[in-house]
Number of protein chains: 2
Amino acid sequence: MKSIFIILSISILSNFSIAQSKDSLFIRSIFTETLTNDDCYENLRYLCKQIGPRLSGSENAEKAVKYTELLMKEYGFDKVYLQEVKVPHWRRLNKATGEIRSGNKTSISVCALGGSIATPKKGIQAEVIEVKSFAELDSLGSSKVSGKIVFFNRAFDASHIETFAAYSGAVNQRGRGASMAAKYGAVACIVRSMSYTKDPYPHTGAMRYDAAFKKIPAAAVSTIDADVLSQKIKNPNTTLFLQFDCDTLEDKISYNVIGELKGSVNPEEIITVGGHLDSWDLAEGAHDDGAGCVQSIEVLRSLKVLKYKPKHTIRVVLFMNEENGLRGGLKYAEVAKQQKEVHLAAIESDAGGFTPRGFDIDADDQYVKKIQSWQNLLAPYGLYEISKGGSGADIGPLKGNVKALIGFRPDSQRYFDIHHSANDTFETVNKRELQMGAASMTALIYLIDQYGF
Amino acid sequence: MKSIFIILSISILSNFSIAQSKDSLFIRSIFTETLTNDDCYENLRYLCKQIGPRLSGSENAEKAVKYTELLMKEYGFDKVYLQEVKVPHWRRLNKATGEIRSGNKTSISVCALGGSIATPKKGIQAEVIEVKSFAELDSLGSSKVSGKIVFFNRAFDASHIETFAAYSGAVNQRGRGASMAAKYGAVACIVRSMSYTKDPYPHTGAMRYDAAFKKIPAAAVSTIDADVLSQKIKNPNTTLFLQFDCDTLEDKISYNVIGELKGSVNPEEIITVGGHLDSWDLAEGAHDDGAGCVQSIEVLRSLKVLKYKPKHTIRVVLFMNEENGLRGGLKYAEVAKQQKEVHLAAIESDAGGFTPRGFDIDADDQYVKKIQSWQNLLAPYGLYEISKGGSGADIGPLKGNVKALIGFRPDSQRYFDIHHSANDTFETVNKRELQMGAASMTALIYLIDQYGF
């Protein structure tokens, strides 16, 4: 018995190590292909420099749809198609003006938040009241707030290691500040930009009005000028002047752009990988989320070039309207449900084109453990952080209809330097970091296709 | 017995977990202090913007010595002193000219390599012969090479994951190319810049002449212009014109700058942490290695602010002349040996101020394993890569007289975009990445001070 046991063990171990070796070789070939091919980076250059900002409903967003559809067709993916989706159509119509007035005038760098109404044409001028939290605002009440511009000035907490934790701790000011201020009769609100960095760029982003309260104009101010404003309003005869124009038109028809490599064994089982094609309007949407789009396309391109025959269908989805509506993600999940599609996994890259760290997995423990069992195959590429956690906004609506939702996690330290600001340009993306991210996703998709779930 | 064993186990485990908890709390306080204090980043700004390039022997190098000595004194370190060291004094005297001549003239972006002799005053003009390796040069021999400019054009291999591996695979062209070419009668040599990135910046760096062969002028050419040159010389009537002026003066007195927090239990046992204060002359030496210097100072500053009483002496050393001589590192090791100093560990940060990945350890296995046993305390900060490997140039000469040589390892993907070129500016350093690196080194030093070796 003993010798049979040993032989069996050797045989199991040796099959295991052959599989490991085959996998590690194929993963190595994925990285080699992606690191030595310029396409992913050059596609991002095109998206940023030839198209540019791609806010939902804009002409550029439609250009991006056409460009990426054509690109995937040129790559010869097995199927390339558009999925219609109605998107909100908010527009920024001028460059916002912000002026601190106290005898003299001090210009400050501001921008309308996405979804805000315009100020009156001639602008709005009022005293400013600074708060750090909604609780502080509540304690002030209408008597102190009514008729004023509320200035939400809670900065990022720099002690967090993960920058998204700092963002989470501050972003309610941007999202809900206007209605919280309107509740007490404020005439406008202005929010410190969601960034650590002391720079002159205002960072836009979505805000939502609570139907229970009056809509008031809402703007972001750069971190440098937030500090200036905080200082200047200590002088009691100080007011803030804000003027900006923006509007919301009727919803517009747009598209998710979808491409597929058809599965050779279980074509009806789908592994989805994606990013969002829309971006804010202040910059090129390079990290957010041009990077995620070109990386997702690269997953299929590299597998095709490597002549890999996937067992399951591997599908890239470029979602429309993540930034101010999530309509693309919602539509994708709705259609998947209607058509009774089977999703093994959905992976999203929407945290920037930075150097890879790992994956967050929103799934039952068994699937998390399965992915963690591949750790030794992924670690040579810097992928150590494979843990249970959140995934991505666009794939979120698939929940309940997919075994694993997975967020690709690049290093987060530089993300909020550029996020939603004029800084989010092609030049801030490092080619190799972008490529490493694409190859990391490809490696994980290969393993899921081979072994899971 | 069983119950005693259980009690003992619980007691050992509970002591262990109390120690773990104490350590994890203290390490958390290190990161909080470093991430919420601007000093490290602002000190780098001063070094880059108020002083600038700091090549050994230059006036700026001396300014940097004075500035950092004063800074450490102002921080109130227990002891701050200078360690005299004679350094080479090479100077770049003009901006190099490179012109491809074939009927018309095409300017290319070049710079003298550090240590090169000047071209003749009127420049040098010759046909170009391109090679990818010394073996190829050998196969051509004098008949093909004599009287020509040898162009070493082996690019970085993009398939490497670690960029330092690509650098290692190409850098002999820069270091030894001139003498290899002179051996066959070449009149000058020009080397493709040590970078992946296609950009217009030539990257300088040290080259050495082999005394057996004639000294010939040696320059680097930007990657973009290396491709241009490679293309143009296909036309047989093409020559290259090079003109640059540089010289080597007598060795000059300079200094390593040293500061200490005195040990409270074993003050005679030293843990050294450092970077190099000199930089190449084309930029501000921000990543290479201003970052390592301000991070090393930050280790002592943060421990002092946290009122930590080290058991052993913790010493920061800012080494002079890493780039073109290593005299500072050699002198430091020489003095340590003379004075019979006991070094527990020496840690160097000289791979850029990028997001931390881990540490490479050059030590006996027992010390490597000891450091690896702290993995769970370091992983929350992204420090997963703790392995046996190289350390740092400046601390290398201590080998044999120290238990562990340790290289701090930040992410390497962006390093060669900036290395030794005009791109190595303060603006390319991300504040949080720099701070995370400083705190990572502080955490490791804390653990060595508490438990090792």
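The values are calculated or read from the model by the stated rules, or taken from the named source; none is laboratory data. All of these numbers come straight from a predicted model, not from anything done at the bench. Positions of Cβ are generated from backbone atoms using ideal geometry, with glycine treated the same way; all protein chains shown enter the neighbour counts. Accessible surface is based on the protein model in full, side chains and every heavy atom, while ligands, DNA and RNA are left aside. Shrake-Rupley method; radii C 1.70, N 1.55, O 1.52, S 1.80 Å.
Some notes on this structure:
Rundown of residues vs (1) without any contact (Cβ under 8 Å) to a residue 60 or more places away in the chain; (2) open to solvent by less than 50 Å² (accessible area, probe 1.4 Å); (3) assigned to a loop (DSSP other than H, G, I, E, B), yes/no style:
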residue: A:Arg174; (1), (2), (3): no, yes, no
residue: A:Ser179; (1), (2), (3): yes, yes, no
residue: A:Tyr184; (1), (2), (3): yes, yes, yes
residue: A:Ile190; (1), (2), (3): no, yes, no
residue: A:Met194; (1), (2), (3): no, yes, yes
residue: A:Asp199; (1), (2), (3): no, yes, yes
residue: A:His203; (1), (2), (3): no, yes, yes
residue: A:Arg208; (1), (2), (3): no, no, yes
residue: A:Ala212; (1), (2), (3): yes, no, yes
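- Qualifying positions in the stretch B:144-166 - within 14 Å of another protein chain (Cβ to nearest Cβ), of a type in the set (Phe, Trp, Tyr) and crowded, with 17+ Cβ neighbours inside 10 Å: B:Phe156
- Some residue of the stretch B:362-377 being in contact with a Gly (Cβ under 7 Å, 6 or more places away or on another chain), more than 14 Å from every other protein chain (Cβ to nearest Cβ) and assigned to a strand (DSSP E or B): yes
- Qualifying positions in the stretch A:374-430 - of a type in the set (Lys, Arg) and surrounded by 18 or more Cβ atoms within 10 Å (Cβ to Cβ): A:Lys403, A:Arg409, A:Arg414
- Restricting attention to the stretch B:80-104, the residues that are closer than 17 Å to B:Ile149 by Cα and not polar (S, T, N, Q) add up to 5.
Conditions tested, residue by residue: (1) within 14 Å of chain A (Cβ to nearest Cβ); (2) on the phi > 0 side of the Ramachandran plot; (3) in contact with a Pro (Cβ under 8 Å, 6 or more places away or on another chain); (4) assigned to a helix (DSSP H, G or I).
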position	(1), (2), (3), (4)
B:Tyr332	no, no, yes, yes
B:Val335	no, no, no, yes
B:Ile347	no, no, no, no
B:Ile386	yes, no, no, no
B:Leu405	no, no, no, no
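- Taking the stretch B:394-417 as the range and being under 12 Å from the mean Cα position of the chain (by Cα) and closer than 26 Å to B:Ala96 by Cβ as the test, the residues that pass are B:Tyr415, B:Phe416.
- Residues within the stretch B:310-340 that are open to solvent by 30 Å² or more (accessible area, probe 1.4 Å) and closer than 16 Å to B:Thr272 by Cα, tallied: 7
- Pairs linking a residue in the stretch B:427-453 that is more than 11 Å from chain A (Cβ to nearest Cβ) to a residue that is part of a helix (DSSP H, G or I) and of a type in the set (Asp, Glu), with Cβ atoms under 6 Å and 6 or more positions apart or on different chains, are B:Ala438/B:Glu298.
- Failed condition for B:Gly103, given (1) more than 22 Å from B:Ser254 (Cα to Cα); (2) in contact with a strand residue (DSSP E or B) (Cβ under 8 Å, 6 or more places away or on another chain); (3) open to solvent by 50 Å² or more (accessible area, probe 1.4 Å): (2)
- Boolean, B:Cys48 is part of a helix (DSSP H, G or I), away from chain A (no Cβ under 14 Å) and either buried (at least 18 other Cβ atoms within 10 Å of the Cβ) or modelled with pLDDT of 95 or more (or both): yes
- Note on the stretch A:21-39: residues that are without any contact (Cβ under 8 Å) to a residue 60 or more places away in the chain and more than 13 Å from every other protein chain (Cβ to nearest Cβ) total 3.
- None of A:Asp411, A:Asp394, A:Asp417 is touching a residue at least 40 places away in the same chain (Cβ under 8 Å), of a type outside the set (Lys, Arg) and more than 14 Å from chain B (Cβ to nearest Cβ) except A:Asp394.
- Taking the criterion of being hydroxyl-bearing (Ser, Thr, Tyr) and within 14 Å of the chain's Cα centre (by Cα), the only residue of the stretch A:293-338 that qualifies is A:Ser296.
- Of all residues in the stretch A:40-53, those that are over 16 Å from A:Ala283 (Cβ atoms) have Cβ atoms under 6 Å from Cβ atoms of residues that are open to solvent by 10 Å² or more (accessible area, probe 1.4 Å), 6 or more apart or on another chain, in A:Tyr41/A:Lys431.
- Here A:Gly400 fulfils each of the conditions (1) modelled with pLDDT of 95 or more; (2) assigned to a loop (DSSP other than H, G, I, E, B); (3) more than 14 Å from chain B (Cβ to nearest Cβ); (4) closer than 27 Å to A:Ala166 by Cβ apart from (4).
- Residue match in the stretch B:233-256 (condition: under 28 Å from B:Ile361 (Cα atoms) and either open to solvent by less than 40 Å² (accessible area, probe 1.4 Å) or at pLDDT 95 or above (or both)): yes
- Qualifying residue in the stretch B:139-149 (condition: under 30 Å from B:Tyr415 (Cα atoms) and modelled with pLDDT of 95 or more): yes
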